[in-house]
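Quick notes on the structure that follows.
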Ligand SMILES: [Zn+2]
């Protein structure tokens, strides 16, 4: 099954992608990950993408599309794949169609902006070991200190309320129109993100069978 996962930053797409990946035994392909992979392997496309990311800009469509094309041609995608974080814009979706990539289903994980704001801005990450906490949902035993290594836990720049607000604005403007794009093809299923991850997971698995 060829799947696309849509959703705002912080909606929990990545977690649901892992669930589907295990369930259907197909790879979850996130642009972030394949760009990192391309970088690690020092490919030309990886370096190109990096130059944009370093300057804080979005990687342009044509670069992302080439990277996706390269990735989807690998053997492990023969039985299907989950695209997480791509397409991000309508032109990218059109490019995917133009590449002849058949999409069976698009699952949109819906979470209200206020909830995303609360989830992300409460996140704290250990500077030493990368362990992740949340001031409300998963606090460390001592505030500001990692349970595992006693390192300092910090609010990452990406999770700063101003940054989240910007990322959500970009999402609403550029990515959300994809819901209409795929609704018109009859492939869109909306999953309402729940407080508990396991409840969202149950809805996602149901959406796969629908
Ligand atoms: Zn730590």
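Please treat every number below as a calculation from the coordinates, not as lab data. All figures in this text were calculated on a predicted structure; none of them were measured in a lab. Heads up, the Cβs are rebuilt from the backbone with ideal geometry, glycines too, and the neighbour counts pull from every protein chain shown.
Counting only helical runs of four or more DSSP H residues, what would the 222 nm mean residue ellipticity of the chain come to if each run contributes -39,500 (n - 2.57) and the total is spread over all its residues?
Calculated mean residue ellipticity at 222 nm is -13000 deg cm²/dmol.
Kirkwood hydrodynamic radius, computed over distinct alpha-carbon pairs, for region 90-165: how many Å, to one decimal? Can you show the working numbers first?
On the way: mean 1/r = 0.0669 Å⁻¹.
About 15.0 Å, per the Kirkwood formula over Cα pairs.
Can you give me the distance in nm between label points at residue 192 and residue 158, each placed 7 Å from the Cα along the Cα-to-Cβ direction?
Distance between label points: 2.9 nm.
Compute the orientation-averaged projected area for region 100-210 from the convex hull of its Cα atoms and round it to one decimal in nm².
Working: hull surface 35.9 nm².
If I average the Cα hull's projected area over directions, I get 9.0 nm².
Between residue 206 and residue 174, what's the calculated FRET efficiency when r is the beta-carbon distance and R0 is 30 Å? Round to 0.05.
0.55
Can you give me the P(r) profile for region 1-52? Cα pairs, bins 10 angstrom wide beginning at 0, each as a whole percent.
In whole percents, the pair-distance histogram is 23, 40, 33, 4.
Express as a percent, rounded to the nearest 5, the fraction of DSSP beta bridges in the chain (both residues included) that run antiparallel.
Once the DSSP bridges in the chain are tallied, antiparallel ones form about 30 percent.
With the Cα gyration tensor of region 24-170 giving a ≥ b ≥ c as the square roots of its eigenvalues, does the rule (a/c under 1.5 for rounded; else a/b larger than b/c for prolate; else oblate) give rounded, prolate or oblate?
Prolate, because a/c is 1.5 or more and a/b exceeds b/c.
Calculate, for residue 57 and residue 97, the FRET efficiency according to 1/(1 + (r/R0)^6) with r their C-beta to C-beta distance and R0 25 Å; round to the nearest 0.05. Display every interim value, and only then the final one.
On the way: r = 25 Å, r/R0 = 1.01.
Result of the calculation: an efficiency of 0.50.
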